[in-house]
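**Student:** Dropping a structure here in structure tokens format, bear with me for questions.
Where a number appears in this text, it was derived from the coordinates with a stated rule and is not lab data. Source: prediction; values computed, not measured. So basically every Cβ, Gly included, is an ideal-geometry build from the backbone, and we count neighbours across all protein chains shown.
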């Protein structure tokens, strides 16, 4: 009995160290790039599963090839982290701190993902396979979302806690995967998935709802993309091409869901435009005015490119007030988010 209690205390102590996320071993480039590759596999599996639900006949079972890609990705991440931790333990690292700083929570995320997967399977057996919006907001899937975010942000957390101002590419890709996790659960109203601006409504009673969904989709995507970029800028300087990579990879995943491949270049060009704005203004915590200006120009440019592409490929069904207003509100969202990312200096006491 005493032995069991001691083991329980050790396990609790190890769990606390993992949650504390302070490792005792350095992260090598090979380690971090391997984690990034495996996390990309995991996120790709999630989007493949979503694509299958959209384009294949109604799926009536939990056991599908798409789930296999998703859960094998999680298993690969967990296996790699576990093997690395065991090797470091054999070299004398402390239990719970045998991974580099930033990756303890990724292990916790893998465990939560496994628990969520079991709950998800039981949920499907009891309530059936969800479709459409219900599949995105079912409780097991929301648990998987939380776990997924914890897993893929390991490289970002690791870079955040290290010295240095320049963001490594592993952190940029990690932030891209975080953005893609958010947009995965927001796919029902994503501009690259549902092109509401081009929609032809045959029933007048539904016109206002499609317009509202379209404007809301642009607003939410602006907030998500700009929010992630500003979060990075609050800590790092970004290498040129970072936003192109971030917006481009996310655009590829989203555009592929509904096979809107013609809109994927919009995400890439929008990211490139934002990178050029960054190169011009050099925004950051020490250049607050430049940061606020970039937070306006970037979203305005991306929204304008998107609506221009819709006009050229499908035609915009909105009146000028709506499409022009959506561009203006994108800039306003970026400006307001910049105040959350970097606050004005606090007044000094007299």
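**Student:** With springs only between Cα atoms under 10 Å, which of 174, 98, 72 fluctuates most in a Gaussian network model of the chain?
**Tutor:** 72
**Student:** Follow-up question, since we're still on this one. Which label marks the calculated value of volume of the Cα convex hull per residue in Å³, given the options [x] 175; [y] 137; [z] 189?
**Tutor:** Label [z] holds the value from this structure.
**Student:** If you line up the long axis of helix 2-20 against the longest principal axis of the chain, both from Cα atoms, how many degrees apart are they, to the nearest 10?
**Tutor:** So the inclination is approximately 30 degrees.
**Student:** Against the longest principal axis of the chain, how steep is helix 242-257, in degrees 0 to 90 to the nearest 10, with axes from Cα atoms?
**Tutor:** The angle comes out near 80 degrees.
**Student:** I'd like the orientation of helix 264-281 relative to the chain: the angle between its Cα long axis and the longest Cα principal axis, in ° from 0 to 90, rounded to 10.
**Tutor:** 80
**Student:** Distance from a point 7 Å along Cα→Cβ of residue 332 to each backbone N in region 288-305: keep the residues under 18 Å and list them by number.
**Tutor:** Taking a point 7 Å out along Cα→Cβ of residue 332, the residues of region 288-305 whose backbone N falls under 18 Å are 293, 295-304.
**Student:** List the pair-distance distribution P(r) of region 81-164, using every Cα-Cα distance, as the percent of pairs falling in each 5 Å bin from 0 up to the bin containing the longest distance, rounded to whole percents.
**Tutor:** 3, 15, 19, 16, 15, 11, 9, 7, 4, 1, 0
**Student:** So what is Rg over Rh here for region 186-344, counting just Cα atoms and using Kirkwood for Rh?
**Tutor:** 0.99
**Student:** Taking one equal scatterer on every alpha-carbon of region 212-255, how large is log10 of I(q)/I(0) by Debye at q = 0.29 1/Å?
**Tutor:** Log10 I(q)/I(0), no solvent term: -1.07.
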